[in-house]
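Working notes, beginning with the structure itself.
The values are calculated or read from the model by the stated rules, or taken from the named source; none is laboratory data. No experiment lies behind these values; they were computed from the predicted model shown. Heads up, the Cβs are rebuilt from the backbone with ideal geometry, glycines too, and the neighbour counts pull from every protein chain shown. SASA here: full protein model, heavy atoms, side chains in, ligands and nucleic acids out. Shrake-Rupley method; radii C 1.70, N 1.55, O 1.52, S 1.80 Å.
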Amino acid sequence: MASAGAAVIAMTLACISAGLAFESRYTSIAEAQCRKFDVVKIADTEYGASRVCAGRGGYKVFIHEQDLRETLTVGRTIKQASKEPAAQDHYGAFNHYEDTIEWRSGNDGLPYALIAGWSFADNENVDPTGRPNSARLLVVFRLPPGPVCKVAYIDRAANSDADALARTAADEIARNFKCATDRGQVIGTLGPAIQRMAPPPD
């Protein structure tokens, strides 16, 4: 896997030298920076909610949270975003997305991929009090034209160059990824976070 990651980086460097520029821009999906709606309470305690956050290139980011589990999708409207494959991609363990997301774009300035930090409760790896530690990954999403879905996973603990691997995966994989038939790829070294996903991506 490590050699595959190195090959992707080499391909990206070749594209840059050929005059194809890539760039990253950042936005926030922190609750304080977004608009919350569809709040669900049980006995006056918030059980779930959705929020919409400003994105790039006319896109908005929608996060749905229920019982400490988050789903992230992207679209120009909530109706569009809710129909994307990413909106149907749920994960069983407690999980959440980090506050800052990265948008990858090319010479035209239009984003084609999104990189998000994501973690889930690793019930097989607990601290001295018995609480599960967090398994941390970077997840790469493809953006329109075409569906929005997850295309690559990078284990942050196993790869010191996780950010670079995620960017090159976004640049080389996302635009040609077929959500209906392709499976999300593991980029770089396969570490505990990838191994403990249930089921791990192919």
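For a test of the definition: using alpha carbon positions, the gyration tensor, and the 1.5 limit on a/c, classify the chain as rounded, prolate or oblate. It comes out oblate by the Cα gyration axes.
Using θ = phi - 60° in the Karplus curve 6.51 cos²θ - 1.76 cosθ + 1.60, the 3J(HN,Hα) couplings for segment 71-87 round to 10, 10, 9, 9, x, 7, 9, 5, 4, 5, 4, 5, 8, 6, x, 4, 5 Hz; x is entered for Gly and Pro.
Note on residue 88 and residue 195: their simple-model spin labels are 3.2 nm apart, each label 7 Å out from Cα toward Cβ. Based on the alpha-carbon gyration tensor of segment 44-153 and its eigenvalue square roots a ≥ b ≥ c, which shape applies: rounded if a/c is under 1.5, prolate if not and a/b is larger than b/c, or oblate? It comes out prolate by the Cα gyration axes. Among 108, 44, the order of accessible area from largest down is 44, 108, computed with a 1.4 Å probe on protein heavy atoms.
Ignoring lysines fewer than eight residues from residue 178 along the same chain, the ones with Cα atoms less than 30 angstrom from its Cα are 60, 79, 83, 150.
Just from its helices, what would the mean residue ellipticity at 222 nm be for the chain, if runs of 4 or more DSSP H residues each count -39500 (n - 2.57) and the sum is divided by every residue, rounded to the nearest 500 deg cm²/dmol?
Details: 4 runs with 36 residues, N = 202.
Roughly -5000 deg cm²/dmol at 222 nm, from the helical runs in the chain.
Think of the chain as having a plus end and a minus end, set by charges on the Cβ of Lys, Arg, Asp and Glu; of 97, 87, 157, 87 sits farthest toward the positive end of this dipole. Taking the protein heavy atoms of the chain in the context of the full set of protein chains, the accessible area attributed to carbon and sulfur is 53 percent at 1.4 Å. Backbone geometry of segment 89-101 corresponds, through the Karplus equation with coefficients 6.51, -1.76 and 1.60 at θ = phi - 60°, to 3J(HN,Hα) couplings of 8, 9, 10, x, 6, 3, 7, 7, 9, 6, 5, 10, 10 Hz, x marking Gly and Pro. Residues within the reach of a label modelled at residue 33 (point 7 angstrom out along Cα to beta-carbon, backbone nitrogen below 18 Å), restricted to segment 80-102, are 96-102.
The residues of segment 88-148 expose on average 46 square angstrom of accessible surface per residue, using a 1.4 Å probe on protein heavy atoms.
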